[in-house]
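Working notes for the structure below.
Each reported figure results from applying straightforward, stated rules to the coordinates on display, with no laboratory input. If you're wondering where the values come from, they're calculated on a predicted model, not measured in any experiment. As a convention, Cβ positions derive from the backbone with ideal geometry for all residues, glycine included, and neighbour counts pool all protein chains shown.
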Amino acid sequence: MSKLFPTYEIGSIAKPRWRVKGYAGRKLNQADLDDAEKWAKILGIDYSKVETVLNGDSPNRKQEIVDLSALYVLTMFEKAGLDYVYDGEQWRVEMYEHVIRNLSGFKFSGWIKSFDYRYFKKASVVEKVSYKQPYYIEEYEAVKKQTNLPLKVPITGPYTLTDWTYNEYYEKKHSNIKSFPRRRYEARKEFIFDIVDEALRPEFKKLVDAGVKWIQIDEPAVTTKETPEEMELFVDAYNRLTESFNIEFSLHNCFSNYNLLAQYVPSLKKCSQLSLEFANRDVHEERSEHPGYDGLTAFLDNGYKGAYAPGFLDVHTDFIESPELVRDRVLYVADLVGKEKVWVTPDCGLRTRSWDVAYQKLLNLTKGKELAKELA
C-alpha cells in the first residue's frame, strides 16, 4: 500500500443483459450476443469460448455465465489500470438481498426503491438470526483464480442489514418494555449484534482463513438516523465485527451526513481507510479550487488518522470526468489530507452506468491519477 494515489472501484458494476437473462434461463437474442462479442473484443477476451457457454446447454451453464461476467469485469478493471480489483459483484443479486437470502430467520416482504431506478427486496426478521449457508467465500475463491491483482472484498455491514429490515421478531421479544423508544432501541441492539455474531463473523472467518487481506464494509444506512444512540450502535457493531481479525478493514459510506459521521469514525478500532462520496458534491470543472471536498476537514478535525478515498467520479451521471479534472481534484485533496493518504476511486459503485460510460470514467480516473503523480 506504498504506491502513491492507488486506485480501485468501490463495488458494483452493472450486470450485462446476457448475464441477467442467461442466469434466469431466458433465451438470449442476437443483441445480447453482439454485446458480449463487442466487449470481448474491447477487453481482449476469446469470444469463441464465451459463445460456447452462452449458446450451450451445460448443466452448469448458470454458474459458467456468472464466471464469465466476473471475468469481463475483472478484465475491464485491469485494462483500466486499477491497482485493486474485484468482480463488480457479478455473483450477487444485490448488496442486501444477497446476504439475507443466505441466512435463516428472515421472510421477504416486497420491493423498496433505494436510489435512481434501483430497487431491493426488503425482508422482515421473524425468528432469531442464524447462519444458513456461505454467501461470500465461494465468490472470493472463484475471483482470486481469475486475476493476479490484489483483491478488495466489499461486504454489506451490520448496521445497514439491520436498518433495511423490518424488525418483527426482536421487537416482539422486547414487548415487555413499556417505553416505545427504549423497546425499539433494545430490539435493534440485539438484532444488530446477532447479525454480527451469527451471520457475518462466521463468513469473515472463512474469508480470512482463505487468504483475504482487505475487507471493505459497506454501510450506506449510517447517519440516516441522526442520534447519538444510533451512531454508537453503529460503532459498537463495527468494532465487534472486526475484532480479532488481523487484516485491513475500510469503511464505505455515501450520500450521508459527513459532519455527523466524522464525529464517530475515530472510534472505529480497525478502519485504515474511509471510502466516501465527494465528487457528487463538487463542480464538474477543471480548476485549482474544488471546495466540494472541503467537508473532509470534519474528519481531520475530529482526529481520524487513516487514509481517504473521497471519490473522484460522480456515479449518478453520464458526465465523463476528464483526466485533468480528476488530476485537479486529487491534488486539491492531497493538499487537505496529505498525498500519502489519498486513494483514487469513484464515489460509489458504478452499477447505474452503462459499461461504455463506466469504462471510460475508470480509464480517465487512472489517467488523472498519473497526471496528479507527476505534479505531487
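Under a point-charge model restricted to the Cβ atoms of Lys and Arg (+1) and Asp and Glu (-1), what is the dipole moment magnitude of segment 297-376 relative to its Cα centre, in debye to the nearest 20?
On the way: 11 positive and 12 negative charges, 52 e Å.
For segment 297-376, the charge dipole is close to 260 debye.
Using the Karplus curve 6.51 cos²θ - 1.76 cosθ + 1.60 with θ = phi - 60°, what ³J(HN,Hα) values do you get for each residue of segment 87-100, in whole Hz, with x for Gly and Pro?
In residue order, the calculated couplings are 9, x, 6, 5, 6, 9, 5, 5, 4, 8, 4, 4, 6, 4 Hz.
In whole angstrom, note down how far apart the Cα centers of segment 171-194 and segment 302-329 are.
Using only Cα atoms to place each centre, the spacing works out to 39 Å.
Which loop-located GluC sites (Glu not before Pro) does segment 267-351 contain, where loop means any DSSP state but H, G, I, E or B and the Cβ has at most 13 other Cβ atoms within 10 Å?
Glu285, Glu289
Within the chain, which is the longest segment containing none of the chymotrypsin sites (Phe, Trp or Tyr not before Pro) that sit in a DSSP loop and have at most 14 other Cβ atoms within 10 Å? List each step's numbers first, then the result.
Numbers: sites that count: Tyr117, Phe319.
Between exposed loop sites, the widest span is 118-318.
Direction-averaged shadow area of the convex hull around the Cα atoms of the chain, nm²? Don't skip to the end; give the middle numbers.
Working: hull surface 74.3 nm².
With the hull built on Cα positions only, its mean projection is 18.6 nm².
In a GNM of the chain with a 10 Å cut-off on Cα contacts, which of Ile137, Ile195, Ile155 has the highest mean-square fluctuation?
Maximum among the listed residues: Ile137.
Where nothing but the Cβ of Lys and Arg (+1) and of Asp and Glu (-1) is charged, how large is the charge dipole of the chain around its Cα centre, in debye to the nearest 20? All intermediate terms of the calculation are to be shown ahead of the outcome.
Values: 54 positive and 58 negative charges, 220 e Å.
Using only the charged Cβ atoms, the result is roughly 1060 debye.
From the backbone phi of segment 19-26, what are the Karplus-calculated ³J(HN,Hα) couplings (6.51 cos²θ - 1.76 cosθ + 1.60, θ = phi - 60°) in whole Hz, Gly and Pro given as x?
6, 5, 5, x, 5, 7, x, 8
If you take the square roots of the eigenvalues of the alpha-carbon gyration tensor of segment 190-233 and sort them as a ≥ b ≥ c, do you get rounded (a/c under 1.5), prolate (a/b over b/c) or oblate? Could the numbers behind the result be given before it?
Numbers: a/c = 3.78, a/b = 1.87, b/c = 2.02.
Cα axes put segment 190-233 in the oblate bin.
Direction-averaged shadow area of the convex hull around the Cα atoms of segment 272-376, nm²?
On the way: hull surface 23.9 nm².
Averaged projected area of segment 272-376's Cα convex hull equals 6.0 nm².
Over the Cα atoms of segment 147-266, what is the Rg over Rh ratio if Rh follows Kirkwood? Please list the in-between numbers first.
On the way: Rg = 15.4 Å, Rh = 15.3 Å.
The Rg/Rh ratio comes out at 1.01.
Under a GNM of the chain (C-alpha, springs under 10 Å), which listed residue has the highest mean-square fluctuation: Val73, Val344, Val126?
Greatest mean-square fluctuation among the candidates belongs to Val126.
For Lys173, list the aspartates and glutamates whose Cα falls under 18 Å from its own Cα; do not include residues on the same chain fewer than 8 positions away.
Glu127, Asp163, Glu186, Glu190, Asp194, Glu198
Please turn the phi angles of segment 224-233 into ³J(HN,Hα) values with the Karplus equation 6.51 cos²θ - 1.76 cosθ + 1.60 (θ = phi - 60°), one per residue in order, whole Hz, x for glycine and proline.
Running phi through 6.51 cos²θ - 1.76 cosθ + 1.60 with θ = phi - 60° gives 6, 10, 8, 10, x, 4, 5, 5, 5, 5 Hz.
Could you pull the Rg and Dmax for segment 267-329, using just the Cα atoms, both in Å?
In Å, with Rg to one decimal and Dmax whole: 13.0, 37.
Just subtract the alpha-carbon distance of Asn55 and Lys178 from 0.36 nm times their residue separation and send over the number in nm, one decimal. Display every interim value, and only then the final one.
Numbers: separation 123, 0.36 × 123 = 44.28 nm, distance 6.12 nm.
Stretched fully, the Asn55-Lys178 segment lengthens by 38.2 nm.
Let me know the shape class of segment 1-107, please: from the alpha-carbon gyration tensor, a ≥ b ≥ c as square roots of the eigenvalues, rounded when a/c is under 1.5, otherwise prolate if a/b is greater than b/c, or oblate. Don't skip to the answer; put the middle values down first.
Numbers: a/c = 2.46, a/b = 1.10, b/c = 2.23.
It comes out oblate by the Cα gyration axes.
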